[in-house]
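The values are calculated or read from the model by the stated rules, or taken from the named source; none is laboratory data. Worth saying up front: this structure is predicted, and the values here are computed from it rather than measured. Ideal geometry is used to build each Cβ from the backbone, glycine not excepted, and the neighbour counts take in all protein chains shown. The accessibility values were calculated without ligands, DNA or RNA, using every heavy atom of the protein model including side chains. Shrake-Rupley method; radii C 1.70, N 1.55, O 1.52, S 1.80 Å.
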Amino acid sequence: DGDSAQCHDVIGATSLVPESLRAGFAPLLDFSDPAKVPYKGDAWWVRANELLLTHASRVLTPETVRRLVHEAPLFGTSTQPMQLRPGAARLLARLSELDVPVLIVSAGFADIIAAFLAARAVPLGSNVRVCSNLLVHDAASGQLTGIEPSPPITGCNKQLTFERNRDWFTTTHRRRRDLLVTCETP
């Protein structure tokens, strides 16, 4: 449900990242008093990305991302671990079987979403595109070197989804005339 952990909660909760990152994330993830949230709008994501690049560039490797979706406890205002909505795995599997295009849009991180779905045996076939922020890693060391796109995908700018995925809509799926939109909160 809407109270489960999300990508940033998972990173902020794990002991796999330095305490300095968890301490920096703590005020960002504390929504108990919205008036005290230190950054508003897109600035929240910009600050979170700065913290990741400053405090976790050496440890937030692709392997760490795969591990943290299994190990992260509850954190912030989340009341339960990161989870799929009931029926989502079956729906995604069926859409994959039928080769129905699926665009997952998130202000989180594509790497965490893909690792989370893979850990639950949810297929991410060629019919699926994840439109989310991407952790960029050095190919040799695995170290985090950047986060794309810039500006980041946030809860405040998802209206740019079509522009960011124009090729997917206009080339890959140009024959499709219908669109089903579901959202992350009920």
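For the reader, a short list of remarks on this structure follows.
- Nearest-10 value in Å² for the accessible area of residue 17, using the 1.4 Å probe: 10 Å²
- For the chain: accessible area per residue (Å², 1.4 Å): 57 Å²
- For the chain, the Kirkwood hydrodynamic radius comes to 17.4 Å, computed from all pairs of different C-alpha atoms.
- Seen against the Cα atoms of the chain and their longest principal axis, helix 19-29 is set at about 60 degrees.
- Computed from Cα positions, the angle between helix 62-71 and the longest principal axis of the chain comes to roughly 80 degrees.
- Under the criterion of Cα pairs below 8 Å and six or more residues apart, the relative contact order for the chain equals 26 percent.
- Note on the chain: helix-only mean residue ellipticity at 222 nm, from DSSP H runs of 4+ residues weighted -39500 (n - 2.57) and normalised by residue number, equals -10000 deg cm²/dmol.
- Computed from label points 7 Å out along Cα-Cβ, the spacing between residue 145 and residue 46 is 2.5 nm.
- A protection proxy built from the mean count of other Cβ atoms within 10 Å ranks the segments 38-45, 22-29, most packed first, as 22-29, 38-45.
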